[in-house]
Amino acid sequence: MENNGKGEAFRNRPINIDETGNRKRILAKQPKGIWYIRRTVVAWICIAFLILAPILKINGNPLMLFDIANRKFSLFANIIWVQDTFILALIMLVIVICILLFTVVFGRLWCGWACPQTIFMEMIYRRVEYLFDGNLRSKRKNEEDALSRTFRLIGKHISFVLISVVITNIFVMWFTGPDKLLQIITSPISENQLGFIFMAGISLFYYLVYAFFREQICTFFCPYGRLQGVLLDSKSISVIYDYKRGEPRGAKNEGDCIDCAQCIAVCPTGIDIKDGSQFECINCTACIDECNIVMKKIKKPGNLIRFDSFHGIETGKRSIANARTYAYTAVLIILIFILAFTISKRSSIDISVIRMQGTMYQEIDSVTVSNIYNMKIINKTNMTKHISFKLEDMQGGKLEFSNDISNLEKEKTSQTVLMIKIPKQELKGKTTNLTIGVYEENILLSTATINFIGPQK
Ligand code: SF4
Ligand code: SF4
């Protein structure tokens, strides 16, 4: 692909690092245009979700909560316990497959539109920075005296610190819930020194990331960004420069690109999209808007830079919605449905019954044999359960518990010692398989299968 004779040497090091290995600070111009408006709307929907998800409740469950302390997660108001290993594994699998399929088809759409790093950087911190520094900072700096420049700098960094503290609290709320967070915030620091140090540390981390590291998080640290090289192919959709239409570039050349460098000025990662696909590009669309403004001024058709694929540019046929896009999207939707179905069908009660260590069978009398077990039962719902137990397919068997566990409090685990007594004539041999059913008002909630040991027949 044409890149104005630059060759591929620019790929030897990230754009924000100079020949001596020092950082080159990127001062991006504020974008404006329809894509920036769309991105702003999406970003504020994401921010609203981030704030409201742990606060909103459905059927008494938070919409989203990662309650690590109590080893349970609320995903779209469905409580998932650490014990739900199958569902957790399925969720991980679906997430990995979704990331892979989504990236193959839609490129780095996530990075530019939904990643918290980009949303906070571009929609909050950068906007605050524009507020203090103006869009073209160098102009303002030249006009003002040292004192007002210092005040402006202090004001900007105080705002950054305050925003970082707010973001930290929002993230902590995803792990504690709003009530616990409020309790942490309102209690004296002396009562919660560790928590205070933790939150201050996270706030400092956010401040450093957004005030100083910025695009380096995407280019150096983010593993997802690094995956792009292997996941994208010629049909993947990304922000791309139409070199067929744009070249040969320059005001006096016949290509539509006038080489004004506005697409570079607005790029938050400082790259030149005209050089082709680069790992620094987060698909933020700022260059699309900026180039469209230029195209309008020079009375040329817009979308010289646009969402398209390399294949689409080569063939001249835009290929955002093709058979592959539909097929991969269908697979994504099916996977999400399977996950939702599995979550909705899982048992509300988790029961585990394990033979008490070091015990064998006991002959109670000439006709009855007993075994002793440890039983653990978890109520995964947010309602008290009134339960009863039954030995399935075993008429003469009896269950005896060391304590009453018939009223299971919401989201609580109960333990008991269980003695099972079986008439000898119902035993199938040295080992008999038994099933214990857990019922609420004659509705079977869960079962546990165990081995019962008896004398040789
Ligand atoms: S903004 Fe458009 S016209 Fe200007 S250099 Fe970039 S691609 Fe070319
Ligand atoms: S090249 Fe364009 S889409 Fe990519 S990061 Fe820069 S401005 Fe955003």
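The values are calculated or read from the model by the stated rules, or taken from the named source; none is laboratory data. Quick caveat: nothing in here was measured; it's all calculated off a predicted structure. Backbone-built Cβ (ideal geometry, glycine too); neighbour counts: all protein chains shown. Each accessible area value is taken on the protein alone, full model and side chains, heavy atoms only, with ligands, DNA and RNA left out. Shrake-Rupley method; radii C 1.70, N 1.55, O 1.52, S 1.80 Å.
Quick notes on this one:
- Any hit, segment 332-341, residues being in contact with a strand residue (DSSP E or B) (Cβ under 9 Å, 6 or more places away or on another chain) and open to solvent by 40 Å² or more (accessible area, probe 1.4 Å): yes
- Per this entry, Lys297 is counted among residues that are open to solvent by 30 Å² or more (accessible area, probe 1.4 Å), among the charged types (D, E, K, R) and either within 11 Å of ligand 1 (Cβ to nearest atom) or within 24 Å of Gln216 (Cβ to Cβ) (or both).
- If you go through segment 68-89 and keep only what is assigned to a loop (DSSP other than H, G, I, E, B) and either of a type in the set (Asp, Glu) or over 17 Å from Pro178 (Cα atoms) (or both), you end up with Arg71, Val82, Gln83, Asp84.
- Here Cys263, Cys281, Cys291 are screened, and the one residue that is in contact with a Leu (Cβ under 6 Å, 6 or more places away or on another chain), in contact (Cβ under 8 Å) with a residue 12 or more places away in the chain and either on the phi < 0 side of the Ramachandran plot or within 16 Å of ligand 2 (Cβ to nearest atom) (or both) is Cys291.
- Selection from segment 166-183 of residues that are open to solvent by less than 60 Å² (accessible area, probe 1.4 Å) and within 18 Å of Val128 (Cβ to Cβ): Ile167, Thr168, Asn169, Ile170
- Here is the figure for segment 214-242: residues that are of a type in the set (D, E, K, R) and either part of a helix (DSSP H, G or I) or modelled with pLDDT of 85 or more (or both) total 4.
- Among the residues here, Thr269 does not qualify as polar (S, T, N, Q), more than 14 Å from ligand 2 (Cβ to nearest atom) and at negative phi.
- Across segment 300-321, the qualifying residues are those that are under 33 Å from the mean Cα position of the chain (by Cα) and surrounded by fewer than 18 Cβ atoms within 10 Å (Cβ to Cβ), and the one among them that is farthest from ligand 1 (Cβ to nearest atom) is Ala321.
- Scoring Val266 on the criteria (1) touching a helix residue (DSSP H, G or I) at 6+ places or on another chain (Cβ under 6 Å); (2) near ligand 1 (Cβ under 10 Å from one of its atoms); (3) open to solvent by 10 Å² or more (accessible area, probe 1.4 Å) leaves a single failure, condition (3).
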